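Down below is the structure, laid out as structure tokens.
What follows is calculated from the coordinates using simple rules that are stated; it is not laboratory data. Here the structure is a predicted model, which means the values were calculated and not measured. As a convention, Cβ positions derive from the backbone with ideal geometry for all residues, glycine included, and neighbour counts pool all protein chains shown.
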Amino acid sequence: MDVLLKKDVDHLGDKDEIVSVKNGYGRNFLIPTGAAILATESVKKMHAETLKQRSHKATKIKEEAEELAKTIEGATIKVGAKVGENGKIFGSISNVQVAEALVAAGHNVERKRIKILGSAIKTVGTYEAEVQVHKEIKVTIKFEVTEA
């Protein structure tokens, strides 16, 4: 079954994509929750026309995302945390703290677009995270966890 996604669905696709899904998933979850509509021939034609009109805007957004990726890639991000003995952090660092540090540095990135590479961060040090700036552009950034 082909459906047109009305919003981003994790591990399936982004908004305004036509994807194939199993009948039960489409009819029992995606369509009733408003995440997708059935991709009939008329919907596909309307979707093609809409994409044609948006293409200019999409290229501009992609260029802005590339610029943001270049600035983020070279930036040094510092995340402050409460530290106990032996450099251990109380709790752990998540993508929320990394997103807050990026916003404080002047880069507007949503927290759901940040994925910390490796296992849970529980000590002071330098780590890496992957930031998906655009659906086609991913950047690996380094951030340093320091004592607050």
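The angle between the Cα long axis of helix 41-74 and the longest principal axis of the Cα atoms of the chain comes to about 20 degrees, rounded to the nearest 10. Using the rule -39500 (n - 2.57) for each DSSP H run of four or more residues, divided by the residues of the chain, the 222 nm mean residue ellipticity is -10500 deg cm²/dmol. Put simply, the amide H of residue 93, placed in the peptide plane, has neighbours under 5 Å in 121, leaving out anything fewer than 5 places away on its chain. For residue 137, no residue whose modelled amide H falls within less than 5 Å of its own remains once neighbours fewer than 5 places apart on the same chain are excluded.
Summing charges over neighbours of residue 90, with a neighbour being any other residue whose Cβ is under 13 Å away from its Cβ, gives +1 when K and R count +1 and D and E count -1.
Taking the Cβ of residue 1 as the center, what net charge do the other residues with Cβ under 12 Å away carry, scoring Lys and Arg +1 and Asp and Glu -1?
With Lys, Arg at +1 and Asp, Glu at -1, the neighbours total +1.
Exposed loop sites, defined as GluC sites (Glu not before Pro) outside DSSP H, G, I, E and B with at most 14 other Cβ atoms within 10 Å, are absent from the longest region of the chain, namely 1-109. 3J(HN,Hα) couplings calculated from phi for the range 79-84 with the Karplus curve 6.51 cos²θ - 1.76 cosθ + 1.60 (θ = phi - 60°) are, in sequence order, 10, x, 8, 6, 10, x Hz; Gly and Pro show x.
Structure shown: which of 82/122; 22/62; 78/115; 70/115; 7/135; 52/115 lie over 20 Å apart, alpha-carbon to alpha-carbon? Over 20 Å Cα-Cα: 22/62; 52/115. The angle between the Cα long axis of helix 95-104 and the longest principal axis of the Cα atoms of the chain comes to about 80 degrees, rounded to the nearest 10. Amide H contacts of residue 146: 79, 80, 81, each under 5 Å away and 5 or more positions distant or on a separate chain (H built 1.01 Å from N in the peptide plane; Pro and chain starts excluded). Per-residue Karplus couplings for the range 17-27, computed as 6.51 cos²θ - 1.76 cosθ + 1.60 with θ equal to phi - 60°, are listed in order as 9, 9, 10, 9, 9, 5, 4, x, 5, x, 6 Hz, Gly and Pro entered as x.
Whole-Hz Karplus values for the range 2-16 come out as 9, 10, 9, 6, 9, 8, 5, 10, 4, 6, 10, x, 9, 4, 6 Hz, taken residue by residue from phi with 6.51 cos²θ - 1.76 cosθ + 1.60 and θ = phi - 60°; glycine and proline positions read x.
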